[in-house]
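Student: One structure coming up, written as structure tokens, with questions to follow.
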Amino acid sequence: MSNNTHRTGSTEATQILDSDVLREANAAAAEAETDDWANQRAQDRAARDRALGKVPTSSAPDPVLPAVHKPTTEKFFPSLGLFLLRLVTAGIMGVHGFQKLTDITGTEGFMNSLGLPSPHYMAWGIGIAEILAAVALVFGLLTRVAGLGIAALAIGALALVQWGAGNPFQSGKPGFVGELDLLLAAVGLTLLFVGPGRWSIDGQIRANRRKNKARY
């Protein structure tokens, strides 16, 4: 009796083991079939993309960021030259503006002699404009606007004062009348067209803007 029971238990264990093995084999076969189907789908998709001329994402080249090129005027020696030019021009404009504002009565009389409207306000306005232009050039802030203002003031002085009364070339005097104003007009236009260089607030703002543009 015990032998039959032992034999029956062994048979049931064998059947259970065989059933587990069969189940694992079926699962492995189904998984392999699924992998084969997925591989076949991937191959078909790749062949279709090649036929359509598409480049797989993995093989696409990495985007190349554009190189940030520094303008010539922001290199060392051009920036140094523009900085010195700004300082000298600021000194000239500052002295002129200070003299006008400290002798506002004489400046007003001079404006009145030229026939300009509202000579009192013109005297104050031109003096303050020259002081503001000098400060802007020292710090390199709104330099192009300051250059435009300097050019406008100098051209106005040439047209109304220096060259408006007669021949600028006078006998017995070297050069010609209005040399300083002509030079200031040229400097103002240069700053308007070229800018202040790297050694300025405007230059730093422009450099930061280029870096942010290249980064994003």
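Student: Taking 25 Å as R0, compute the FRET efficiency from the Cβ-Cβ separation of Arg210 and Val88 and round it to 0.05.
Tutor: Computed FRET efficiency for Arg210 and Val88 comes out at 0.30.
Student: If you take the Cα atoms of the range 90-216, find Rg, then find the Kirkwood Rh from the mean of 1/r over all pairs, what is Rg/Rh?
Tutor: Over the Cα atoms of the range 90-216, Rg/Rh equals 1.09.
Student: Hey, quick one: spin label on Gln170, modelled 7 Å out along Cα-Cβ, who in the range 176-216 has an amide N within reach, i.e. under 17 Å?
Tutor: Only 176-182 fall inside the zone, counting backbone N under 17 Å.
Student: Cα centroid distance between the range 180-196 and the range 74-152, in Å?
Tutor: The range 180-196 and the range 74-152 have Cα centres separated by 12 Å.
Student: Give me the accessible area per residue for the range 150-191, probe 1.4 Å, as a whole number in Å².
Tutor: 57
Student: Also, quick follow-up: What list of ³J(HN,Hα) couplings, whole Hz, do you get for the range 127-138 from phi and the Karplus terms 6.51, -1.76, 1.60, once you set θ to phi - 60° and write x for glycine and proline?
Tutor: The phi angles translate into x, 5, 4, 5, 5, 5, 5, 5, 5, 4, 6, 4 Hz.
The values are calculated or read from the model by the stated rules, or taken from the named source; none is laboratory data. The structure displayed is predicted, hence computed values, not measured ones. Using ideal geometry, Cβ is built from the backbone for each residue, glycine included, and neighbour counts are taken over all protein chains shown. Only protein heavy atoms, including side chains, enter the accessible area calculation; ligands, DNA and RNA are left aside. Shrake-Rupley method; radii C 1.70, N 1.55, O 1.52, S 1.80 Å.
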